[in-house]
Structure formats: structure tokens, C-alpha cells
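A.B. asks: Next up is a structure, given as C-alpha cells.
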Amino acid sequence: MGRILVVAEKPSVGADIARVLKCTQRGEGFRQGETHVVTWALGHLVGLAEPENLDPKYKRWTLEALPMLPQDIPLKVLPKTKKQFGVVKKWMNASEIDSIICATDAGREGELIFRWIYEMAGCKKPVQRLWISSMTDAAIKQGFADIQGAQRYDNLYISARARARADWLVGMNATRAYTVRYNALLSIGRVQTPTLQFIVARQKEIDAFTPQPYWVITADFGDYKGLWEDPSSGALRAGSEALARQVVARVRGRQGRIGQVQRDQKSQGAPLLYDLTELQRDCNRMFGFTAKKTLSVAQALYERRKLITYPRTDSRYLTGDMVGKLKPALARMGVPALSPFAAPLLALDKLPVSGRIVNDKRVSDHHAIIPTGRACDFAALSPDEQKVYDRICRRFVAVFYPAWEYEDVRVTTRVDVDAFITKGRITRQLGWKALYPKSAEAKAGKKQDDEPAETLPAVSEGETRKVEKVSSQKKETKPPAPYTEATLLSAMEHAGRMIEDEALREQMKDSGLGTPATRAAIIERLIDTEYIKRRGKALVPTQKGVDLIGILPEEMRSPELTGKWEQSLSKMARGQMQEEPFAQSIRRFVQFIVLHAKEDPQTVRFERSAKTKGRRGASAPGLALGACPLCGQGEIRENAKAYYCTRWREGCKFTWWKDGLRRLGGPMLTAKHVEALLKEGRLAGRTGTIVVRADHTLTFEKKAPAAKDD
């Protein structure tokens, strides 16, 4: 009887699985035992081929070659991980291997990683699927006991493949079209570009905002204070300084009477358990963590520490079969600050599990993030791990606590014709709020003028109060706040709700930009491409980002189309939609985008990226480096061997060979050198000086060696 090959997504996960399967014999890129061999990917080992791999004509970036719409996009082994692919391929096709278990991450991208490796390796052996949400030994063993046939996840793979091909078609065509059209390396994508639109649109609102002054009038009645209410609008502010002065003058020292005391009994249940996006939002708000950092810490808590369940989830609920595991998880969390809150729950015969915690219909691939029940040495965690783990465990405890019950009180105190409003809040039952100290949470937000005070003295209608003090304070209306990662993640998650068409908005209310697992990478990508930058916690667009949004059609910027695509991908994963209609819609969109780029009359000049200035080979193929000094009409561009004039067909002979100075002892010519020489005519370096001759050819003047003392 042969052995079974298990393919994990990462070495660390492979090591955990190998330990459970008793695969103790180590090899380079694998571990083996009597019944199983465990190997792993390093993320993606295989990807879609580059355009130039499809057809040599795509080596040069030209508008004439677009759109690129191949019927099939072949796969290629990624050069950086070629060695590990060889290891996996060898084991997949080894005669001693009878079958294979896919143990990559249980989600769309993990499915794609394995299927592409399997296809590229030319393997035909039967495959089963390991699907787990926790990396504890018990969860891994249970996963192998519940192993499924791989065909159960065929629709998930089809969805993943469709997503990858769509991103290739849109990204490659749009990036090349606008890069060549505007002579600047512009990265464009079906998810990142609508995300950039959010940030640019918000900045335009901020820039166009004109602050308006207003005056807040506060009357001190001794044991409480009130804000003056405008009788015409109900706003707690005056629109002019003159009015504010009039009010202050007529109520100073006067007697007031409590006219109305309005009491509203309210309750608020605990927030739902975390999915990845909510965890990233909370950690950004509380600790200033980037979405990428929160994901990285959560991944470490999942893979290395094995303290939390699978973090890349989009669900905030648990399944009914997990109820029996919840009490043990509570008992072994190991967070000292939470022990007093967990103790009363552990003393109960049965945890108070409601539909806000368990809902099988609201769980797709993975349930919400909770502690696994593995014993935790909290002090051994890094400070960042402690923060993230505390938030997850705190939310896990909070969902079993009763609602926060409170009374909102609104007191109207009349001083003749003027009314002053006092808002207060009286907590009747702290409930889950006991786990969230006011001082800590308050640091993450700012109190507004009209928010209720937390305490208010007992008052009754008809009582009188003297105006002890009265004052007015000038303030200004504030512009919309710039996006933070927390608010941008919310905008991405609920992008479907921002669509103007009411029918489509209702249809797409749960559609978003990207997935919980990809949103952090999209934000980082926008920063890396210098379309946005961080300013403290805020995310603001650069001029490059603003200019890019300005040249793109609405269809490329809007979340509407991307939201529709994400919705289609979800339907594909559930087997409710075929791939071909989706593929056809993508191809039509690519044709539209390329035509727009070709016919766009705008003239926008993009500055060259600060990151790529001075970097060898930084210019994109076909990107203009300057005007031709020989014919005066063409542009200088780069190919594999030289820098040439775009009017070479018309007879311009300008050519600077990249290795042309080597025989003179000079350097290889780079795009940076060419840009400088076209502007200055000469370029001095450590070993000598490159000089442009009168006939526009190059020479190299070697630096003379320094004279030695006698």
C-alpha cells in the first residue's frame, strides 16, 4: 500500500500537520513518515503567465497591441519559488504516492494555490480536501477524520480561477493602456482603483468644504448645565454672534423652570463576534494598527500560537455544533484581566447562547474568530499579540453577557422664551459594557457637543433653577473626516450600499470591494504605488492618485461594477452561476477601458515616482524618457538592448546601446543615465564622465588615477 501526500500552504502549517501525522523524517521541503508525506507551498508557486510569455509582440508596451484578450491564460511556475515547486511536483508524481490531500488554507485563495500546483505538475491522482478552522492538534485530527472529496470544492476553485483571470485581464490591459497613453507607470486594478476613488472623493469634499461659524450657548443651573436650542431649527447652536449675545444678555441671572423631562428606556446587546474586517477596524481604532499589521498578528496567533481560530473569515457567527466547545475555550483563555468576567459564566450550568452567537445560516466557509481553548501563557505573548488576543477574548466573553440597559434623559429648562436642553444617561444594567472600561474606549473616539452626559441629578418637571452662569463659545463646522484604515475597511466592506441606483443598491447591499483576506493588501498596494499616503491615522491621496482618478472613466472608478463581480464570484462559489457569462462581461469591460484610454483627449502629466527615481530599469517598456535630440520630433524609449527614437520607421538613427560604453571602461547604460544625459549632455560618476558628442553619440572619459606622493 502506498502513502498519502499532504500539501500545505506554508512551511509552518506543514510542520504542524507533520507532527500530528508523525512524519518525523525531514527532507528539503518535505517531511515523511510511514503512511504520509507532508510538503508545502510558499504561498503561490504557480501563477498566470505574463503577456510577453503569450506572444512576443507584447514585449513592447504599445496601444496598438491592446486589448490583450487571450482565450486561455496559461500558467507558469514562479521563478522565486521554482525550487519548492520542483519538490512538490516530484512527490505528487512519485510512484509511492497513491493519493493527495489538499491542506492549503481553507478559502478561495488556498483552493487556487493547490489546484494550480496540481495542474502544473501534471498530476492525475485522486485528491481529498482538509478543511479546518483551527491549528490545534485536536482540530487537525478532527479535520483528517472528516476529510472530504476535493470535488466538493470545485465551485470554489472555479470562482477563484475566474477572479484571477479577471484581475489579469483588467489589470494588465488597463495598466498598459494608461501607462503608454500618459507616459507614466500607472497601476490600475478592478478593486484597488474604486478603493482609491473613495479616498480621492473624500479629499475633494474636504478641500471644497467652507467652515461656517456657530455659537454654542451654555447655561449653568448649578447642579447641571444646558445648551440653548434654536426654536426654528431645533439645533443646539446659534447661527450668529449677535444672536448669541442677545440670548446671553437676556437669560443672565434669570430664573429657569424645568418644563419637560423625557425618559427613554433603551438596551443594547453586545457587539457580534469578530470577523477579520471588524477585528482590523477595532485594532486600528484602539491601537492605530494598520490592517496589514492586525492580519499579521492574528495569523501568528492562529498558526504559531494556535490560540485563535482561522482569522481570514467573513462571518461573525458560530455553528450549532460548536456549542459544547465554548465553555472549555472560556476556561482556558489565560487573559488575567478577563478571569473575573469569565468566572460567573463558567459557574453556570449552560452558557446563554443566543441567535446573535450561533447561526448556521450566517456561516459560509469559516465561523467567527474565537479562542481555540488551547492553554495560553499570556505573559509569553508579544505586546502586539497580547493586544489582539485580548480583544478577541474580550469580545468572546462579552457576547455571553446581558444587554447594556440604560435610560436616556432629555431635560428642557425654559428661561422665559429661551429653552436649554440637557441630555443625560443613566445606566440601569452595565451588562457587557463592564468588559469595556470607559477610559480605554474613550481614547479611541471624541465626544461630540450634544452627546449625553453620563451623570445627571434627579430632576422633576416644574422645579426652578437660577442661571448661575451663562456663556457663548464660537466654533466652526468641521469638514468630513479623512478616511482611516478603520473607516476605509468599512467603506470597502459595504461598497454595495453606496450605489445610487436604489434597486441595485438593495440587490448588492452585502457586496464589497475585495474580501476580508485581501483588503489589507489592497490598502498597502495603494501606498506602495504612491496613490495614497498615511498622515497619522488618516489615509490621504497623493497628487498622482488624484490625477489617476481624474483620467479614468466612471465605470473603472465606481464600486458598482466591482461589487457586481464580487457578487458573481460568490454565486459561482455556491454553484449558482457559470463562469462563462462572468468571463464575457470582463472581456467587454476590457475592450471599453482600452478604447477609452486610446481616445481620451485629456493631457495630464504624471511626475515620475519618487520610489523609482534612480532605480535601475525602473521605466516601464515603452515609457518615454525624453525628447529625441537628433530629429527633435520623436521620443526616446527603451527596449531590451538599447534606447531608441520612436521615429525610427521615419528614418531617425538615434540609438544608444546599453552596453555601448563597456569597451571604453564605462558603465551599463540605465534609464536614469539616459534621462540625465538628455537633459544635461554629460554625467559625472566615480569612474569617469559620460559625454554626449555633437553628433548625439556617447563617449566615456575615464577619470585619471590620483597621483601618488614620492
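The values are calculated or read from the model by the stated rules, or taken from the named source; none is laboratory data. Computed from a predicted model, the values in this text were never measured in an experiment. Cβ coordinates were reconstructed from backbone atoms using ideal geometry, including for glycine residues, and neighbour counts include every protein chain displayed. Ligands, DNA and RNA are excluded from the accessible area calculation, which covers all protein heavy atoms including side chains. Shrake-Rupley method; radii C 1.70, N 1.55, O 1.52, S 1.80 Å.
A.B. asks: What are the pairs, 6+ residues apart or on separate chains, where a residue within the stretch 402-420 that is over 12 Å from residue 221 (Cβ atoms) has its Cβ under 7 Å from a residue that is open to solvent by 10 Å² or more (accessible area, probe 1.4 Å) and among the acidic types (Asp, Glu)?
C.D. replies: The qualifying pairs are 407/264; 408/264; 419/229.
A.B. asks: Right, next: Hey, any hits in the stretch 168-181 for a residue that's within 30 Å of residue 20 (Cβ to Cβ) and aromatic (Phe, Trp, Tyr)?
C.D. replies: No, there is no match, as no residue in the stretch 168-181 is within 30 Å of residue 20 (Cβ to Cβ) and aromatic (Phe, Trp, Tyr).
A.B. asks: Might you let me know whether the stretch 53-65 holds any residue that is over 20 Å from residue 109 (Cα atoms) and at pLDDT 95 or above?
C.D. replies: Within the stretch 53-65, none of the residues are over 20 Å from residue 109 (Cα atoms) and at pLDDT 95 or above.
Yes/no per residue for (1) within 30 Å of residue 62 (Cβ to Cβ); (2) touching a residue at least 12 places away in the same chain (Cβ under 8 Å); (3) among the small types (Gly, Ala, Ser):
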| position | (1), (2), (3) |
| --- | --- |
| 193 | yes, yes, no |
| 199 | no, yes, no |
| 216 | no, yes, no |
| 223 | no, yes, no |
| 240 | no, yes, yes |
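A.B. asks: Tell me the strands (runs of 3 or more DSSP E) entirely within the stretch 7-71 that contain at least 3 residues that are out of contact with any Phe, Trp or Tyr (no Cβ under 8 Å at 6 or more places or on another chain) and closer than 25 Å to residue 125 by Cα.
C.D. replies: Hits in the stretch 7-71: 25-27.
A.B. asks: For the stretch 107-123, which residues satisfy the criterion of being touching a Phe, Trp or Tyr at 6+ places or on another chain (Cβ under 9 Å) and either surrounded by fewer than 18 Cβ atoms within 10 Å (Cβ to Cβ) or of a type in the set (Phe, Trp, Tyr) (or both)?
C.D. replies: Residue satisfying the conditions is 114 alone.
For (1) touching a residue at least 12 places away in the same chain (Cβ under 8 Å); (2) assigned to a strand (DSSP E or B); (3) over 18 Å from residue 40 (Cβ atoms), each residue gets a yes or a no:
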{"position": "102", "(1), (2), (3)": "yes, yes, no"}
{"position": "125", "(1), (2), (3)": "yes, no, no"}
{"position": "133", "(1), (2), (3)": "yes, no, yes"}
{"position": "160", "(1), (2), (3)": "yes, no, yes"}
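A.B. asks: Another question about this same structure. Show me the helices (runs of 4 or more DSSP H) found entirely inside the stretch 539-585 where at least 3 residues are at pLDDT below 90.
C.D. replies: Helices (runs of 4 or more DSSP H) meeting the threshold: 559-573.
A.B. asks: Among what's in the stretch 368-404 and is in a loop (DSSP other than H, G, I, E, B) and under 18 Å from residue 270 (Cα atoms), pick the residue that is most open to solvent (accessible area, probe 1.4 Å).
C.D. replies: Top of the filtered list is 402.
A.B. asks: Within the stretch 264-285, does at least one residue satisfy the condition of being surrounded by fewer than 19 Cβ atoms within 10 Å (Cβ to Cβ), assigned to a strand (DSSP E or B) and not polar (S, T, N, Q)?
C.D. replies: Yes, that holds for at least one residue.
A.B. asks: Could you pull out the residue among 186, 243 that is open to solvent by 20 Å² or more (accessible area, probe 1.4 Å) and hydrophobic (A, V, I, L, M, F, W, C)?
C.D. replies: Going through 186, 243 in turn, just one is open to solvent by 20 Å² or more (accessible area, probe 1.4 Å) and hydrophobic (A, V, I, L, M, F, W, C): 243.
A.B. asks: Looking at the stretch 304-360, which of its residues are in contact (Cβ under 8 Å) with a residue 60 or more places away in the chain and polar (S, T, N, Q)?
C.D. replies: Passing the criteria: 309, 313.
A.B. asks: May I pose another question? Would you mention how many residues in the stretch 303-347 are in a loop (DSSP other than H, G, I, E, B), open to solvent by 70 Å² or more (accessible area, probe 1.4 Å) and more than 18 Å from residue 387 (Cβ to Cβ)?
C.D. replies: The qualifying residues number 4.
A.B. asks: Please state which of the following conditions residue 571 fails to meet, knowing it meets all the rest: (1) under 14 Å from residue 163 (Cβ atoms); (2) in contact with a Lys or Arg (Cβ under 7 Å, 6 or more places away or on another chain); (3) free of Cβ contacts under 8 Å to residues at least 40 places away in the same chain.
C.D. replies: Result: residue 571 passes all but (2).
A.B. asks: What single numbered condition from (1) surrounded by fewer than 15 Cβ atoms within 10 Å (Cβ to Cβ); (2) aliphatic (A, V, I, L, M); (3) touching a helix residue (DSSP H, G or I) at 6+ places or on another chain (Cβ under 8 Å); (4) not in a helix (DSSP H, G or I) fails to hold for residue 353?
C.D. replies: Only one criterion in (1) surrounded by fewer than 15 Cβ atoms within 10 Å (Cβ to Cβ); (2) aliphatic (A, V, I, L, M); (3) touching a helix residue (DSSP H, G or I) at 6+ places or on another chain (Cβ under 8 Å); (4) not in a helix (DSSP H, G or I) is unmet by residue 353, namely (1).
A.B. asks: Residues of the stretch 342-375 being over 23 Å from residue 130 (Cα atoms) and among the small types (Gly, Ala, Ser), which ones?
C.D. replies: 342, 343, 347, 354, 355, 375
A.B. asks: Pull out all pairs, ordered by first then second residue, where Cβ-Cβ is under 9 Å, the residues are six or more apart or on different chains, the first lies in the stretch 474-489 and is closer than 28 Å to residue 242 by Cα and free of Cβ contacts under 8 Å to residues at least 60 places away in the same chain, and the second is of a type in the set (S, T, N, Q) and open to solvent by 30 Å² or more (accessible area, probe 1.4 Å).
C.D. replies: Listed by first residue and then by second, the contacts come to nothing, as the list is empty.
A.B. asks: List every residue pair whose Cβ atoms sit under 7 Å apart, with the two residues 6 or more apart in sequence or on different chains, where the first one lies in the stretch 627-653 and is surrounded by 15 or more Cβ atoms within 10 Å (Cβ to Cβ) and the second, anywhere, is among the β-branched types (Val, Ile, Thr) and assigned to a loop (DSSP other than H, G, I, E, B).
C.D. replies: Listed by first residue and then by second, the contacts come to 634/646; 635/646; 637/646.
A.B. asks: What are the residue pairs meeting all of these: first residue in the stretch 30-45, first residue farther than 22 Å from residue 75 by Cβ, second residue small (Gly, Ala, Ser), Cβ atoms under 6 Å, and 6 or more apart or on different chains?
C.D. replies: 31/18; 38/14; 38/18
A.B. asks: Go through the residues of the stretch 139-149 one by one and say whether even a single one is touching a residue at least 40 places away in the same chain (Cβ under 8 Å), under 30 Å from residue 321 (Cβ atoms) and touching an Asp or Glu at 6+ places or on another chain (Cβ under 9 Å).
C.D. replies: Yes, the stretch 139-149 contains at least one residue that is touching a residue at least 40 places away in the same chain (Cβ under 8 Å), under 30 Å from residue 321 (Cβ atoms) and touching an Asp or Glu at 6+ places or on another chain (Cβ under 9 Å).
A.B. asks: Output the number of residues of the stretch 104-123 satisfying the condition of being part of a loop (DSSP other than H, G, I, E, B), in contact (Cβ under 8 Å) with a residue 60 or more places away in the chain and not hydrophobic (A, V, I, L, M, F, W, C).
C.D. replies: So the count comes out to 3.
A.B. asks: Output the residue which, of all residues in the stretch 501-512 that are assigned to a loop (DSSP other than H, G, I, E, B) and either open to solvent by less than 60 Å² (accessible area, probe 1.4 Å) or of a type in the set (Gly, Ala, Ser) (or both), is modelled with the highest pLDDT.
C.D. replies: 512
A.B. asks: Moving on to the next point. Of all residues in the stretch 661-688, which are touching a Leu at 6+ places or on another chain (Cβ under 7 Å) and either open to solvent by less than 30 Å² (accessible area, probe 1.4 Å) or aliphatic (A, V, I, L, M) (or both)?
C.D. replies: Hits for the stretch 661-688 are 661, 669, 671, 674, 676, 677, 678, 683.
A.B. asks: Okay, next question. Could you please let me know if residue 210 is assigned to a helix (DSSP H, G or I), out of contact with any His (no Cβ under 9 Å at 6 or more places or on another chain) and either without any contact (Cβ under 8 Å) to a residue 24 or more places away in the chain or of a type in the set (Ser, Thr, Tyr) (or both)?
C.D. replies: Answer is no for this residue.
A.B. asks: Quick check on this structure: which one of 176, 165 is in a helix (DSSP H, G or I), open to solvent by 20 Å² or more (accessible area, probe 1.4 Å), of a type outside the set (S, T, N, Q) and touching a residue at least 24 places away in the same chain (Cβ under 8 Å)?
C.D. replies: So the residue among 176, 165 that is in a helix (DSSP H, G or I), open to solvent by 20 Å² or more (accessible area, probe 1.4 Å), of a type outside the set (S, T, N, Q) and touching a residue at least 24 places away in the same chain (Cβ under 8 Å) is 165.
Listed here are the residues, each with its yes/no results for (1) aliphatic (A, V, I, L, M); (2) crowded, with 17+ Cβ neighbours inside 10 Å; (3) touching a Phe, Trp or Tyr at 6+ places or on another chain (Cβ under 7 Å).
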| site | (1), (2), (3) |
| --- | --- |
| 514 | no, yes, no |
| 517 | yes, yes, no |
| 532 | yes, yes, no |
| 552 | yes, yes, no |
| 557 | no, yes, no |
| 560 | no, yes, no |
| 568 | no, yes, yes |
| 571 | no, no, no |
